[in-house]
1. For Asp157, are the conditions met, namely being surrounded by 13 or more Cβ atoms within 10 Å (Cβ to Cβ), among the acidic types (Asp, Glu) and at pLDDT 85 or above?
2. For segment 469-477, indicate whether the set of residues that are touching a helix residue (DSSP H, G or I) at 6+ places or on another chain (Cβ under 9 Å), of a type outside the set (Lys, Arg), under 17 Å from Met425 (Cβ atoms) and not in a helix (DSSP H, G or I) is non-empty.
3. Looking at Phe101 and the list (1) in contact with a helix residue (DSSP H, G or I) (Cβ under 7 Å, 6 or more places away or on another chain); (2) part of a helix (DSSP H, G or I), which single condition is not satisfied?
4. Out of Pro509, Pro514, Pro532, Pro519, I need the residue that is over 13 Å from Cys265 (Cβ atoms), of a type outside the set (Gly, Ala, Ser) and surrounded by 17 or more Cβ atoms within 10 Å (Cβ to Cβ). Which one?
5. Please count how many residues of segment 178-203 are touching a Leu at 6+ places or on another chain (Cβ under 6 Å) and either in contact (Cβ under 8 Å) with a residue 24 or more places away in the chain or not in a helix (DSSP H, G or I) (or both).
6. Mind checking whether some residue in segment 422-445 is outside any loop (DSSP other than H, G, I, E, B), over 20 Å from His363 (Cβ atoms), of a type in the set (Asp, Glu) and free of Cβ contacts under 8 Å to residues at least 60 places away in the same chain?
7. State all residues of segment 493-534 that are among the small types (Gly, Ala, Ser) and in contact with a Cys (Cβ under 7 Å, 6 or more places away or on another chain); if no residue qualifies, say none.
8. May I ask you to say which residue of Ala489, Ala466 is touching a residue at least 40 places away in the same chain (Cβ under 8 Å), surrounded by 14 or more Cβ atoms within 10 Å (Cβ to Cβ), closer than 17 Å to Glu370 by Cβ and under 26 Å from the mean Cα position of the chain (by Cα)?
Amino acid sequence: MASDDESYLYYDEDDEEEDGLEADEDDVGLFEDAAPQPEHRADHWAITRKSLSAAQQQDVSMVMNLVNLERHNARALLMHHRWKMDRIHDFLERRGREGLFREAGIVVPPEDSSTAARARVPPHKRPRTVTCNVCFEDVSRPSDVSTMDCGHCFCNDCWTEHFFASLGNGKKHIHCMQVKCPAICDDGTVRRLLGRKYPDAAKRFDNLVLDSYLDNNASVKWCPSAPHCGRAIRVVDASERYCEVECPCGVSFCFNCAAPAHSPCPCPMWDKWDAKFRGESENLKWIAVNTKSCPKCLRPIEKNGGCNHVSCPCGQHLCYACGGRLDSLHNCNRYDEAGHANYDSIRRQMLRYTHYCDRFNVHINSRKVEQTELWPAIQKRAVLLESATAIRPLIREASWMARAHRALLASRLVLARSYAFAYYMFGDEVRTYPSEKANLPIAKVLFEDQQWQLEENAEKLSKVLAAEAKPVLAEEEVLRAMQETSNLAKIVDTHCREMYKCIQDELLPLLLEPMTIAPYRPDGPDKAKDLPAP
């Protein structure tokens with residue numbers, strides 16, 4: 001989409017009289033919507049059961065190479081830091097390698113006491129029998145005993161029962177049997193010994209190792225689809241957990257709270273709104289009424305399109321959001337506290353909720369109409385335009401209509417969710433810093449001004465896109481429509497960006513409870529790619 005500082009193009013009637021819109025093919029670029037600048041897209045991956053081991057191995061291998069650890073210790077280090085590579089880098093930089101291991105309980109023996117060093121002892125100097133300090137049996141064959149990195153050696157039968165009992169207790173790390181020894185047992189040894197006597201337990205251990213990547217990983221969340229698609233989404237940069245992602249199955253959700261995508265409304269506010277909306281919408285059906293009364297003749301009016309500026313058969317024009325008369329100064333996005341001051345507190349709360357809930361529903365329903373009814377009409381119009389052989393090929397290109405339609409749908413979501421945000425941000429429940437309390441009314445006015453401007457331009461764009469195509473298209477008409485539609489789409493996109501900026505930079509810092517929102521994505525949430533299976 002166009003950047004914030006990009007200049008807008010406006011249609012001027014005087015220019016039409018002077019130039020007669022005699023545009024050649026080189027002039028078309030002045031009227032077309034500028035090529036959208038590529039948005040920064042995070043690198044997200046969708047993980048299935050088949051690709052889970054490959055995803056885990058990527059992170060484990062990085063840690064093994066970074067700090068020179070064996071696989072089981074690298075995995076334990078990652079699990080301790082919830083698979084956050086940035087935290088491991090931070091600890092390594094501040095505390096060094098030894099401090100990193102000590103904080104996570106990782107035991108790495110000195111080189112001269114390692115298993116490799118012991119293996120260099122000549123066979124004739126090694127003891128012929130080893131006494132297991134658990135069962136006190138003498139074991140003569142070296143293959144019947146196992147030694148961990150810590151140097152503690154026990155017979156394989158005792159190790160096997162220890163591994164089996166640890167799995168039964170649900171332990172994610174199996175530690176050495178020696179009393180107070182924190183060393184973690186080698187994964188390969190655990191699999192090998194369990195596989196001989198308890199093959200099912202060995203499989204369970206493998207599943208436990210794999211599932212730990214999903215259950216304890218702050219960078220991975222299960223897709224909330226129902227029925228479940230079997231995928232988990234991994235965000236490569238754990239610091240980007242405040243983002244919205246789209247699973248390959250088509251479900252979009254907030255990565256931070258796993259709720260359906262809801263930006264620019266922060267997670268705590270959306271959680272309250274969603275619970276209230278679901279619980280009260282059934283009992284308060286008058287909140288989500290499907291008609292408005294004409295302010296002139298009092299007839300019920302039902303909207304049959306996406307635009308909220310409608311007219312009654314009696315000739316009265318009204319705003320479908322509030323039911324009020326339309327005039328040049330019409331502005332209904334603000335809640336009129338003074339107008340309802342005489343009601344009791346419960347009644348005022350109900351009226352206030354109705355105000356925001358009504359407008360939330362209006363924009364959600366408008367988006368449904370514009371998606372299911374307006375989009376097919378735009379596609380037919382594009383076919384009609386591209387088949388108009390009397391118009392030059394460059395002007396027949398109709399992608400500007402699709403871009404404008406995407407901008408309109410994005411603005412509907414921003415507007416709907418902005419009312420959910422405003423309900424809590426400017427309500428009695430919000431807690432602000434005492435020093436910032438006086439700034440909240442000023443910020444509220446600025447926010448509502450931006451909300452109103454976005455609302456007005458979204459309605460204009462909806463009207464332009466809903467205009468019926470004429471049977472015969474003149475080149476001048478196409479250029480005029482292209483310019484007007486593209487300008488409105490740019491304005492709507494800019495207002496959406498400004499709305500996000502206002503919420504993130506001006507309003508949320510006033511709150512005592514830290515909150516943030518996902519960045520604005522005009523083309524929808526980031527799409528995750530399926531991670532290839534090994």
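The values are calculated or read from the model by the stated rules, or taken from the named source; none is laboratory data. Because the structure is a prediction, the values reported are computed rather than measured. When we count neighbours, we look across all protein chains shown, and the Cβ atoms used for this are built from the backbone with ideal geometry, even at glycine.
1. Details: surrounded by 13 or more Cβ atoms within 10 Å (Cβ to Cβ): yes; among the acidic types (Asp, Glu): yes; at pLDDT 85 or above: yes.
In short, yes.
2. No, that holds for no residue.
3. Condition (1) is where Phe101 drops out.
4. Values: Pro509 fails: surrounded by 17 or more Cβ atoms within 10 Å (Cβ to Cβ); Pro514 fails: surrounded by 17 or more Cβ atoms within 10 Å (Cβ to Cβ); Pro532 fails: surrounded by 17 or more Cβ atoms within 10 Å (Cβ to Cβ).
The unique qualifying residue is Pro519.
5. Qualifying residue count for the region: 1.
6. Looking for residues that are outside any loop (DSSP other than H, G, I, E, B), over 20 Å from His363 (Cβ atoms), of a type in the set (Asp, Glu) and free of Cβ contacts under 8 Å to residues at least 60 places away in the same chain, one finds none in segment 422-445, hence no.
7. Going residue by residue through segment 493-534, those that are among the small types (Gly, Ala, Ser) are 518, 524, 528, 533.
Ala518, Ala528, listed by residue number.
8. Being touching a residue at least 40 places away in the same chain (Cβ under 8 Å), surrounded by 14 or more Cβ atoms within 10 Å (Cβ to Cβ), closer than 17 Å to Glu370 by Cβ and under 26 Å from the mean Cα position of the chain (by Cα) holds for just one of Ala489, Ala466, which is Ala489.
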